[in-house]
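Here the structure comes first, spelled out in structure tokens, and everything after it is commentary.
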Amino acid sequence: MAMEWITAMDKRPCDRNLRDVELISCRLRRVEPLCRLPSSALQQLAMCGFYEDLEKGVTLFRAGEQGRFWYAVLGGSLEVRYHATDTDGKSPVTLCNLGVGATFGESILHDLPRDSTVVTKTTCELLRVEQQDFRLIWEKNKELMNDIINSCKLKNGFGPSVSATNTSPTKRPLSPDHPNPALPITESPSPAMNRMGWALRTLLVADNSSCLKDRKVSGKLIRKCAPGTEFVDWLVNLSPIVHTRAQAAGMWQALLEEGILSHVNKEQPFKDKCFLYRFRVDEDGTAGTPSTEDINAANEQIRESLSALFQRGPDATLRMILRKPSHERTTEELELVFEELLHIAALSHLSTSIKRELSSIIVFESHAQAGTILFSQGDEGRSWYIILKGSVDVVIHGKGTVATLKSGDDFGKLALINDAPRAATIVLKENNCHLLRVDKEHFNRILRDVEANTLRLQEHGKDVLVLERVAKQRGQHSAFKYTVMSGTPAKMLEHLLETRLGNQVGGVDPFLDDFLLTHIVFMPVVQLVDELANYFHCDVSDGAQTPEEREYIMNFKKRVIQFMQKWVMAVRHAAFDEPSVCDFIEDLAAEVEADPELHEETSIIHNILTQMSRYQDDRNQNTGQKWKLPPNGQPICLFSGNMTPSKTVIRPDDDIIFRVYCADHTYCTLRFPLHTTAEIIKACAADKLQLNRGPEDLCLVEIKSNGERSVFKDNDVSIPTGLSLNGRLFVSTKDHLDALTPLPEQEGATEAPEVDVEIFSTKELAYYITIFDWDLFWAVHEYELLYHTFGRHHFGKITANLDVFLRRFNELQYWIVTEIVVTPSISKRVALLRKFIKLAAYCKEYQNLNAFFAVVMGLSNMAVSRLQQTWDKIPSKFRKLYQEFEALIDPSRNHRAYRVFVGKLQPPLIPFMPLLLKDMTFAHEGNKTSLDGLVNFEKMHMMAQTMRTLRFCRSRSLGLEPPSPKSEGDVRPYISCLRVIDNQRVLTAMSQKIEPTRKL
């Protein structure tokens, strides 16, 4: 039999018959791992492979040679050698030995030169396959062949670690399409993770009833292992901060990815299933039985360890998903990846549909060693990379290192787009670099799909509108198949009137609403009104019209009227604040009255007129509304002295009274409308304070309680409402800015009623805080988010209502800290902590999430969290509740815990406003407003999505039942004027005074 297959193998491939192929296939089937290939692949190898019988010491190929063959070892062994540079005088280094079943030479797939030398160590039998034949077999059996090659590498020691003996930069080996998520991503665990793993294992071993036991699997004894389900059960029961099994699984995965924990067969990432896992120290036999001291130390350390592990869990879960092949990622996992991609700056220019496609094919890749060469100048471009963690050097022959790329940067795209060789060598600058990778075939496919689904409308040879085909959902009867990606403002408006109004059937495309919410960024109101007027009066200069032309014109007129209705509904009073809009509405009303063909639109235009009339009457009644910014840092109030009344909107022409100081702390009192610019305030204050300097030598500046300075631009508006809690306005010459100091009163607390918070029930406090906050939140217009993000000076608009609401957040946060650190009695501090934890719970119950965050962040402030003696006296149920709240405000993964929670709520609710502003800022800074002269409407869509959150939260009125109406007269004044110190240095000093740091 042996002679028969050798005889068959000795024949030239073209001379082999079916009997020969069968004999050779049978021989190959006895070789692990080739036996895993399907019969068709083995037959292909048998038909095209050559047999080689070589003596000891034969060099198959040398490093640097161009590869022509792929090999599989059928008998004997070979040595893989690495040759250092010719000038270093060192002999070749043996990287590893290849035995029966090993495969090598796959660099021929990419036309890469050999990166090592292979020499026979004994007499060898090899199967040799030519490049062209191997490529065909590879393409038909890509996944299996990839698995075989990579398992051979692991078995024989290939990988990043084989070059550890070499001091020169190492070339990254051919990596698999998807790294095995069951294997660690680091060469060795970090000290911090080692400590966490040690604490968990110590407590598990010490727990006699724990899941960690010796188990017999397939006749083999596995020491101290446990199923993933039992690991999860134990962790959920151990700590109150772990709320779900998914969170626990993520924490165990964080240990697994650093090699502290592993699947017993190294085949599975951590799963909440009956797969067996064990700690590395039990696997290598280096662990002993923990002593009493060890158990005590672990108990002391476990809270901190679990908190840190809890933070790492979500990222570890995401990395595990990104190491899976596309077909193994679940719908929930794809959504998780997609949400993460939304916040990667390097992808911000891509459309939502592209990011969704990337979520299924993008791969996580990690490299343990600094100095590893990711790819070399001149190599074929095979992947595009994004740096998640670490940094890389960009090296060009003859120039050296020309740039260093850091977290958030991307590289490698140009070679893929141009189908050109790499223009530079990329060398990892740090250990443990984390990258995202998009391979060429997927990159090219996505680009092809994008171009195929993109429709470009041109005028005079230039793009004026770019549309993307959208896939219809089942049962959806939308009148449009394309969504707007970018365009000129005028063309987008025309497209909107033609496709989103009239008798068009509604769909899920939010283009109209996005346009109405964001047009002020790219199409000022006056320009929009002019364009609408042109469409409405398009028949003025026409002569005789055919019936078809007349019908078309009348339809367009109706669409303009419908547009105005949608505009007023979307932005409310902001539309009526513009004189050009009011004039146009009256013009439309007159046209409708005069033209019988527009009779159907009469009810629409009358409704708009009614709303406009009501708004103007209300505005006239409140004309000259006056506000006051008290000198002691209290919230702004009406001139009468009452705090902000229910649902009172601050308007641009409202007056505000405030003080402006100079360097010697003398001041003047000014009264100006809120839309007054910093330049005018500066000039008037300088005149009153007799600062005899020109306007160009002066500046208006805020001095905060901690001494920080913030200089205002001359065209800034809404200045007094934007000050910090204890901030003060100063006017100063530019060369004396450094001499400005805070007022002595700024370091103290703001003035407030002398009332003990303990006299109020916690539920009453939460109720009236929510009522007060709701009124402030209701007054914030969606446009103020745009003004805040792009800069008020770009629009000349105020953000006073948003400023006051944000100021309220800081006021609540620092009120919590202030009340605790001014309380010298430890028993009263304990009572306060309990009260404030309950206050957070009631705010959460009332869905006042802005106040909930403020309270919890106040309790997390360093001046409070360091009061260990106080916290130690808190009952465990309150500590557990507080830990749950901490987990909910956890900022990791872009506040994912909060986003998931708030996504399940129904209005009315008060959202965490700083996060909405962060989303707006990310959309603005991560995306260009204009692309090739066209408005980037993808950016407008992202911003409108955030702005719609405000509308959703307020879509139902607040209707809470008061817990005790009798106390309203006492509680309302208290919660509207809180005692606050906002200087962190002062707060920390006060905290140190009531509980000095213990000396060890």
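The values are calculated or read from the model by the stated rules, or taken from the named source; none is laboratory data. Just so we're clear, the structure is a prediction, and the values are computed from it rather than from any experiment. For neighbour counting, all protein chains shown are included, and Cβ atoms are generated from backbone atoms with ideal geometry for every residue, glycine included. In case anyone asks, the SASA skips ligands and DNA or RNA and just uses the protein heavy atoms, side chains included. Shrake-Rupley method; radii C 1.70, N 1.55, O 1.52, S 1.80 Å.
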> Counting pairs of Cα atoms in the chain, how many percent are more than 50 Å apart?
Replying inline: 40 percent
>> To test your reading of the geometry: what angle, between 0 and 90 degrees and rounded to tens, separates the Cα axis of helix 142-156 from the longest principal axis of the chain?
In response: 70 degrees
>> Using the crude model of +1 on Lys and Arg Cβ and -1 on Asp and Glu Cβ, and no other charge, please compute the dipole size for the chain relative to its Cα centre, in debye to 20.
In response: 3720 debye
>> I'd like the distance between the alpha-carbon centres of segment 674-717 and segment 360-403, rounded to an integer number of Å.
In response: 49 Å
>> Could you sort the peptides 568-574, 894-900 by per-residue average Cβ neighbour count (10 Å cutoff), highest mean leading?
In response: 568-574, 894-900
> How high is the FRET efficiency between Glu925 and Asp872 when r is their beta carbon distance and R₀ equals 45 Å, given to the nearest 0.05?
Replying inline: 0.55
> Leu336: net charge of surrounding residues, Cβ under 15 Å, Lys/Arg +1, Asp/Glu -1, itself excluded?
Replying inline: +2
> Which entries in the list Lys557/Lys904; Lys877/Lys904; Lys355/Lys462; Lys140/Lys220; Lys389/Lys877; Lys734/Lys993 go over 31 Å, if you measure between the two C-alpha atoms of each?
Replying inline: Lys557/Lys904; Lys140/Lys220; Lys389/Lys877; Lys734/Lys993
>> Helix-only estimate, please: 222 nm mean residue ellipticity of the chain, summing -39500 (n - 2.57) across DSSP H runs of length 4 or more and dividing by its residues, to the nearest 500.
In response: -14000 deg cm²/dmol
> How large is the accessible surface per residue of the chain, computed with a 1.4 Å probe and reported in Å² as a whole number?
Replying inline: 46 Å²
>> For Tyr482, what residues show an amide H to amide H distance below 5 Å, using hydrogens built from the backbone and excluding near sequence neighbours?
In response: Val470
> Residue by residue through segment 681-687, which ³J(HN,Hα) values in whole Hz follow from phi under the Karplus form 6.51 cos²θ - 1.76 cosθ + 1.60 (θ = phi - 60°), with glycine and proline marked x?
Replying inline: 4, 4, 5, 5, 5, 4, 5
> Measuring from label point to label point, each 7 Å out along Cα→Cβ, what is the Arg456 to Ala989 span in nm?
Replying inline: 6.4 nm
> Check Leu261: other-chain or 5+ apart residues with amide H under 5 Å from its amide H, H built from backbone geometry?
Replying inline: Leu256, Arg280
>> Once each part is reduced to its C-alpha centroid, what is the distance from segment 3-56 to segment 191-221 in angstrom?
In response: 48 Å
>> Taking the Cα of Asn706, stepping 7 Å toward and past its beta carbon, and measuring to each backbone N in segment 800-815: which are under 14 Å?
In response: 814
>> Give me, ordered by chain and number, the residues 5 or more places off Asp115 or on other chains with an amide H under 5 Å from its own placed amide H.
In response: Gly64
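At a Förster radius of 51 Å, what calculated FRET efficiency corresponds to the Cβ-Cβ distance of His736 and Lys918, to the nearest 0.05?
It comes out at approximately 0.90.
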> Between Cys26 and Glu139, what length comes free when the chain is fully extended (0.36 nm per residue of separation minus the Cα-Cα distance, one decimal in nm)?
Replying inline: 38.4 nm
>> Report the gain in length on full extension from Tyr552 to Asp10: 0.36 nm times residue separation, minus Cα-Cα distance, nm rounded to one decimal.
In response: 186.9 nm
> Under the Karplus relation 6.51 cos²θ - 1.76 cosθ + 1.60, θ = phi - 60°, what is the ordered set of whole-Hz ³J(HN,Hα) values for segment 120-134, x standing for Gly and Pro?
Replying inline: 5, 8, 9, 4, 10, 10, 10, 9, 10, 10, 5, 3, 5, 5, 5
> Percent of accessible area on the chain owned by carbon and sulfur, 1.4 Å probe?
Replying inline: 51 percent
>> Quick check: pseudo-label points 7 Å beyond the Cα along Cα→Cβ at Arg659 and Ala423, how many nm apart are they?
In response: 5.9 nm
> In nm, what is the difference between 0.36 nm times the number of residues separating Ser892 and Ser326 and their Cα-Cα distance?
Replying inline: 201.2 nm
> Tell me, what is the FRET efficiency for Glu267 and Ala590 to the nearest 0.05, using R0 = 51 angstrom and their Cβ-Cβ distance as r?
Replying inline: 0.05
> How many nm separate the modelled label positions at Arg62 and Arg245, each set 7 Å beyond the Cα in the direction of the Cβ?
Replying inline: 6.1 nm
